[in-house]
Amino acid sequence: MSINSIFQFLVPKDKKFFPLFEEASSNLIELASDLHEAVNLPLKEREALFQKIDVLEQRGEDITRQTNLELSRNFITPFDREDIHSLITSIDNVADKLHGAASIMRLYQVDKITKSIRKLTEINLEACQNIDSAVKELRNLKNLRSITEACARISKLENKSDNVYNKAVFEIFENETDVKNIIKYKEVLSVLETATDKCKSVASVLESIAVKHS
């Protein structure tokens, strides 16, 4: 048992880090939900949601910055410092990719939203919901099974995302003749697929924390 773990038995329950983790994961759900909603709207009706996504992405960066600041201020932490840094950074990376997808669609004025794009935003939303469920179990670390089960679901969603992406790219090159559209759609799909990869990275950090406390 590490010195940090021993000290955890001697100090009051953490009131700084867990609220920040939960704020970050809740913010992630809101961002993913707004993106999924946006791709189900006509082009002219998406801008309000894209602006909201900008705000949410900035909020996520602020939460990450605050968490790292708390790390520098506090000697005692609820679990390993490197895990805290990895967790908050990996959550922020998901938000960054989802925001990137929205930015590309806005920049390229992607009018027609394909079924594959909608499916990938749906998969990302579900993955973010599982991240949030697992993060909320970190407060007491007694229900480790719930954490590992959520991580397993995220892993399956990442595999599903790969399949959707590969099929979508094949169909683009098979059916699309406009080079500009090929570039636009492939880039959107790629960023959305990468976002799911980043969700799996969050799951890996959560699983590592669970193993250390099992």
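The values are calculated or read from the model by the stated rules, or taken from the named source; none is laboratory data. Nothing here was measured: the structure is a model prediction, and the numbers come from that model. Backbone-built Cβ (ideal geometry, glycine too); neighbour counts: all protein chains shown. Each accessible area value is taken on the protein alone, full model and side chains, heavy atoms only, with ligands, DNA and RNA left out. Shrake-Rupley method; radii C 1.70, N 1.55, O 1.52, S 1.80 Å.
For the chain, the longest principal axis of the C-alpha atoms and the axis of helix 47-73 are separated by about 20°. Accessible-area rank, largest first, for 188, 164: 164, 188, with all protein chains present and a 1.4 angstrom probe. Treating the Cα atoms of segment 88-214 as identical point scatterers in vacuum, please give the log10 of the normalised Debye intensity I(q)/I(0) at q = 0.16 Å⁻¹, two decimals. Each listed q corresponds, in turn, to -0.75.
Net charge near residue 198: determine it from the other residues with C-beta under 11 Å of the C-beta of residue 198, scoring Lys and Arg +1 and Asp and Glu -1. Working shown, then result.
Details: positive: 97, 200; negative: 92, 96, 158, 193, 197.
Summing Lys/Arg as +1 and Asp/Glu as -1 gives -3.
For segment 50-92, the residues whose amide N sits under 16 Å from a probe point set 7 Å from the Cα of residue 197 along the beta carbon direction are 90-91. Semi-axis lengths, largest first, of the ellipsoid equivalent to the chain are 36, 18, 12 Å, with √(5λ) applied to each eigenvalue of the Cα gyration tensor. With respect to the cross-link table entries 16/186; 15/212; 112/160; 16/119; 97/167, which display a Cα-Cα separation exceeding 29 Å? Table pairs above 29 Å Cα-Cα are 16/186; 16/119.
Could you work out what % of the accessible surface of the chain is carbon and sulfur, using a 1.4 angstrom probe and leaving DNA, RNA and ligands out of the count? Within the chain, the accessible surface is 52 percent carbon and sulfur. The tail of the calculated P(r) for segment 88-146 beyond 15 Å holds 62 percent of all Cα-Cα pairs.
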